[in-house]
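The block underneath contains the structure these notes are about, expressed in structure tokens.
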Amino acid sequence: MIAVEITPAGIRVTTLTGEVDPSQLDEVLSWLRLESVTRRSAMSEAEADALAESGKAQWWAENKSRFIQTENVKAFPVVHAAGFYSPTSARRCRCSRRR
């Protein structure tokens with residue numbers, strides 16, 4: 001059973017111990033905290049989007065090397081209609097000239 005009590009001072013939600021998993025309850029409370037903070041924020045949606053993009057760009061700059069190696073990388077063979085060839089020999093391929 002979940003009981004909700006609304007008063008002028010706030011909202012109280014009561015549940016029996018063991019009825020809700022603590023980790024799920026923590027997720028709900030985190031979402032409620034986030035909602036509370038965003039409602040009090042004076043930031044516009046455009047400013048929030050710009051801040052998010054800036055954060056993503058900074059994260060990518062710091063973590064790119066974890067996902068993309070740029071040193072000592074050998075070219076993978078490319079499958080082509082004419083067979084296998086490396087990207088360096090692509091200009092010798094005659095398939096594009098057959099059109």
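FYI, it's all coordinate maths here, none of it is from the lab. Quick caveat: nothing in here was measured; it's all calculated off a predicted structure. With ideal geometry, Cβ positions are generated from the backbone for all residues, glycine too; neighbour counts draw on all protein chains shown.
In order along the range 27-43, phi translates into HN-Hα couplings of 5, 5, 5, 4, 5, 5, 5, 4, 4, 4, 5, 5, 5, 8, 6, 9, 6 Hz, rounded to whole numbers, per the Karplus curve 6.51 cos²θ - 1.76 cosθ + 1.60 with θ = phi - 60° and x for Gly and Pro. Averaging 1/r across all pairs of distinct Cα atoms in the range 2-63 and inverting the result yields a Kirkwood radius of 15.0 Å. Give me the net charge of LEU29's neighbourhood, meaning all other residues with Cβ under 13 Å from the Cβ of LEU29; Lys, Arg count +1, Asp, Glu -1. Here the count lands on -3.
Mind checking the full-extension length gain between SER30 and LEU51? Use 0.36 nm per residue of separation minus the Cα-Cα distance, one decimal, nm. Don't jump to the answer; show the numbers that get you there.
Values: separation 21, 0.36 × 21 = 7.56 nm, distance 2.08 nm.
Extra length available between SER30 and LEU51 comes to 5.5 nm.
Any idea how far apart ALA42 and ILE11 come out in nm if each label point goes 7 Å out from Cα toward Cβ? Calculated label separation equals 2.6 nm.
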